[in-house]
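First up is the structure itself, then whatever we jot down about it.
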Amino acid sequence: ARQFLYAKHRAQQSRLSSLSFMGQDTLLDERGGASDEEESTLAFGVFDASAELTPRAPECARRIVRYAGGCLIAVVALVAFASVPWEALHLASPHHAGGVQSAMSAWQVPLMGGVFKPNAAAPAAGPTTSNYQNAPTVAQPQTQTAADPYAAGTSQASADTYGGVARGSAQATSSFNTPYGQDTSGVATAGTAVQDAGPRPNGPMCGSQEECLAIVDHYLDTCPRSFGLLQARGDGQAQGIGSGKNLNGGDCPTCGLPGPCPEGPAKCRHDTYDSAVVAIYYVKRGKLTEAKAILDVFIKALYPTSMATIRPVGKGTVYTGAASGRKLTLLASSYNSAHPPTPGDYVDPFVTDGGVDTGNNAWAALAFAHYAAAANAPCYATVARDIASVIKSEAGCADSLGGYMGHLQPYPGNYRSSEHNIDLHGLAKVLGDTEMEESTGRFMRGMYGSHPILPTSYAMGTGGGKKCDPGVNGGAVPADATYWTILADADPNQAHIKSALQFAFRQPERKANGHYSIQGLWVTDEDSILPEGGVRSPPVQVSGTRFTTIGNGVQWEVTASAVMAMAHYQQKYDSGADIGLPGHLQQARDSLRTLLAMYKGVPQSVLGGNYVMWQAHKFGKFPGGTDTGLGWPYLRYLGTVTTAWTGLALMYQADADGPVSEDANPYSLPQQPVPGGKDCSCLPPAAR
């Protein structure tokens with residue numbers, strides 16, 4: 001998941017063209033102003049104690065001279081801007097914001113905050129949705145307006161829209177200026193009341209741990225693959241586990257969902273993160289052959305045998321791995337069904353998302369390390385250490401906050417993400433890298449209590465106005481920053497963790513306009529839709545966590561990881577009964593087991609509607625899936641990473657009385673040590 005997000009407003013493009021005075025290279029940083037660092041203010045949720053809040057008089061005079069010529073144009077532009085409906089722009093709070101790539105075509109603010117300047121030297125993969133960690137993409141060079149990767153081939157939104165990206169941006173103010181208007185519901189406090197976990201799921205559940213895991217095995221084994229990487233969305237019909245290609249958007253006339261890859265092979269997502277989590281699941285299930293098959297695809301995409309595949313050129317994307325001494329290129333965020341993953345190739349149409357995300361690469365490295373330990377395969381440990389060494393050398397921040405930046409070349413970002421640093425903290429533990437472990441832990445301790453409005457939780461990360469920007473992102477608070485901090489033991493302070501859980505367990509108030517308040521993350525959804533058509537009566541009620549404090553509906557990937565995190569809390573600290581943890585753990589785990597039994601996999605959302613319904617932002621019976629609050633929804637499709645995370649969570653502990661297997665925690669040390677030494681036997685021939 002996420003700090004800075006793209007917005008694609010195709011239906012408004014002609015009206016937005018009136019903003020062309022801004023020019024192709026005009027940028028907005030996460031503060032909501034020009035990318036010039038001088039324009040930093042507190043108005044848009046980025047707080048930097050070192051910033052000078054009041055410019056000196058000579059500087060004021062210089063600025064007046066500098067900007068006087070643009071004032072008249074700005075006034076005219078503001079009139080044009082005022083004619084664009086607020087919700088059409090979908091200005092959301094910043095996860096995984098950067099710049100206006102082209103004001104004439106779309107507002108695009110890259111994920112996780114940096115200021116990114118377009119470069120037309122080479123076409124690149126357009127901004128697309130990410131899972132996490134799903135996360136989120138960066139602004140990339142375009143020679144023309146990028147097609148929305150989730151569109152159905154038209155310039156207007158339709159019922160066939162893929163439903164994943166329009167990543168809205170704009171920066172949350174201290175009063176939380178959400179896409180749905182200001183939320184002034186007040187500052188969160190830790191509180192003492194135990195929050196109700198919601199109604200128990202009323203549907204059938206898979207039985208024993210092995211029965212549940214067998215469902216996960218079958219889903220992952222049959223999931224469509226291209227060039228060895230798993231498709232992000234499942235296809236029940238193709239997999240033999242359902243009657244349709246999706247789970248049905250509902251019985252309203254405009255709720256129809258397309259197939260999982262409506263735009264064809266070149267836009268069909270095969271995410272690095274998803275396949276890495278699946279590889280870890282396979283390792284923990286003892287299915288080493290299946291895990292190795294995924295990792296071998298990654299190896300081919302990491303180590304170039306020729307420099308001819310490097311695109312775009314001249315961006316410094318070729319590194320030397322410290323463990324192997326070999327030339328190395330990091331993994332793109334998402335590949336596709338049309339082209340095999342190729343080292344150093346980050347441009348459209350060869351990838352779906354060419355962003356080089358530190359979190360996604362950390363997950364790949366975790367998969368290599370866990371496999372190396374289980375299979376006693378030292379070459380795969382070499383790959384994990386190579387990836388970690390590049391991130392350390394290229395993304396590290398030497399200030400007192402510590403941590404690592406979120407995106408590397410060819411489309412770099414200066415922000416630091418809580419999510420990414422948690423991933424790196426877990427990787428550092430597994431590899432025994434005490435320097436990285438200390439830096440990422442220091443960063444996460446710094447994120448607790450730093451949010452100006454929600455001070456009892458962990459902030460999303462920092463700004464991206466400059467390298468290693470120290471300003472805190474005051475926008476949406478993501479659920480994974482709490483749950484993954486617990487899983488990775490990234491903050492050893494139990495008081496911090498406990499207050500963050502108390503906040504996460506709060507049930508937000510449903511306001512008169514249908515939207516939730518920002519106070520709390522725990523919600524209950526009703527699944528009233530039958531995949532084959534018709535209404536499920538009575539509806540099945542399932543509970544879990546929202547994606548962020550401005551989201552709507554349960555996000556099942558994070559909910560599955562939350563199940564493991566809550567069980568880990570009980571193992572390390574106490575039962576959590578004083579904050580209602582046992583009830584929330586039971587409700588979420590039972591909900592996942594219910595979904596496995598119902599769908600033979602875990603959906604991305606149980607809420608009906610499609611992308612067009614989501615764009616309306618009317619959270620009624622068919623809201624358009626689970627809204628992240630960050631500019632894209634998850635719809636009613638079977639999810640690969642949601643299913644894999646569910647398998648890991650149930651492997652960790654299947655029920656309240658069952659044993660705990662810490663080995664199933666991706667952030668924990670594997671049962672067997674990670675092999676050392678320099679072994680390059682699994683690598684392709686070196687590039688010449």
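The values are calculated or read from the model by the stated rules, or taken from the named source; none is laboratory data. These numbers were taken from a predicted model, which means no experiment stands behind them. Here Cβ is always computed from backbone atoms with ideal geometry, including for glycine, and neighbour counts include all displayed protein chains. The accessibility values were calculated without ligands, DNA or RNA, using every heavy atom of the protein model including side chains. Shrake-Rupley method; radii C 1.70, N 1.55, O 1.52, S 1.80 Å.
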Practice problem: Enumerate the helices (runs of 4 or more DSSP H) found wholly within the range 414-528, keeping only those where 2 or more residues are under 20 Å from ALA567 (Cα atoms) and open to solvent by less than 10 Å² (accessible area, probe 1.4 Å). | Solution: 418-431, 479-488, 494-505
Quiz item: In the range 317-331, what count of residues is obtained for those that are among the aliphatic types (A, V, I, L, M), assigned to a loop (DSSP other than H, G, I, E, B) and closer than 17 Å to PHE368 by Cβ?
Solution: 4
Quiz prompt | Residue selected from the range 237-272 under the condition open to solvent by less than 10 Å² (accessible area, probe 1.4 Å) and in contact with a Leu (Cβ under 6 Å, 6 or more places away or on another chain), by the criterion nearest to VAL606 (Cα to Cα) | solution = GLY249
Quiz prompt | Pairs with Cβ under 9 Å, 6+ apart, first in the range 199-215 and open to solvent by 80 Å² or more (accessible area, probe 1.4 Å), second in a loop (DSSP other than H, G, I, E, B) | solution = GLU210/ALA654
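Go through the range 273-293 and give me each residue that's in a helix (DSSP H, G or I) and open to solvent by 40 Å² or more (accessible area, probe 1.4 Å). Outline the logic, then answer.
Of the range 273-293, the ones in a helix (DSSP H, G or I) are 273-284, 288-293.
Once the filter is applied, which keeps residues that are in a helix (DSSP H, G or I) and open to solvent by 40 Å² or more (accessible area, probe 1.4 Å), the range 273-293 yields LEU288, THR289, GLU290, LYS292, ALA293.
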Quiz item: Among all residue pairs at least 6 apart or on different chains, which show Cβ distances below 8 Å where the first residue, located in the range 408-421, is of a type in the set (D, E, K, R) and the second is modelled with pLDDT under 95?
Solution: GLU419/ALA1; GLU419/ARG2; GLU419/HIS95; GLU419/HIS96; GLU419/TYR132; GLU419/GLN133; GLU419/ALA135
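Scanning for something among the small types (Gly, Ala, Ser), more than 25 Å from the chain's Cα centre (by Cα) and under 19 Å from ASP578 (Cα atoms), does the range 485-495 turn up at least one residue?
So far as the range 485-495 goes, yes, one or more of its residues are among the small types (Gly, Ala, Ser), more than 25 Å from the chain's Cα centre (by Cα) and under 19 Å from ASP578 (Cα atoms).
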Quiz prompt | Search result, residues across the range 334-353 that are surrounded by 24 or more Cβ atoms within 10 Å (Cβ to Cβ) and among the acidic types (Asp, Glu) | solution = ASP348, ASP353
Exercise. Look through ALA577, ALA560 and report the one residue that is over 23 Å from the mean Cα position of the chain (by Cα) and aliphatic (A, V, I, L, M).
Key: ALA577
Quiz item: Residue check, ASP296 against (1) part of a loop (DSSP other than H, G, I, E, B); (2) surrounded by fewer than 22 Cβ atoms within 10 Å (Cβ to Cβ); (3) of a type in the set (Asp, Glu), all met but one. Which one?
Solution: (1)
Quiz item: Quick check: anything in the range 314-326 among the aliphatic types (A, V, I, L, M), closer than 24 Å to ASN665 by Cα and open to solvent by 50 Å² or more (accessible area, probe 1.4 Å)?
Solution: no
Quiz item: Just for helices (runs of 4 or more DSSP H) wholly inside the range 561-675: which have at least 3 residues that are of a type outside the set (S, T, N, Q), out of contact with any strand residue (DSSP E or B) (no Cβ under 9 Å at 6 or more places or on another chain) and open to solvent by less than 10 Å² (accessible area, probe 1.4 Å)?
Solution: 581-599, 640-652
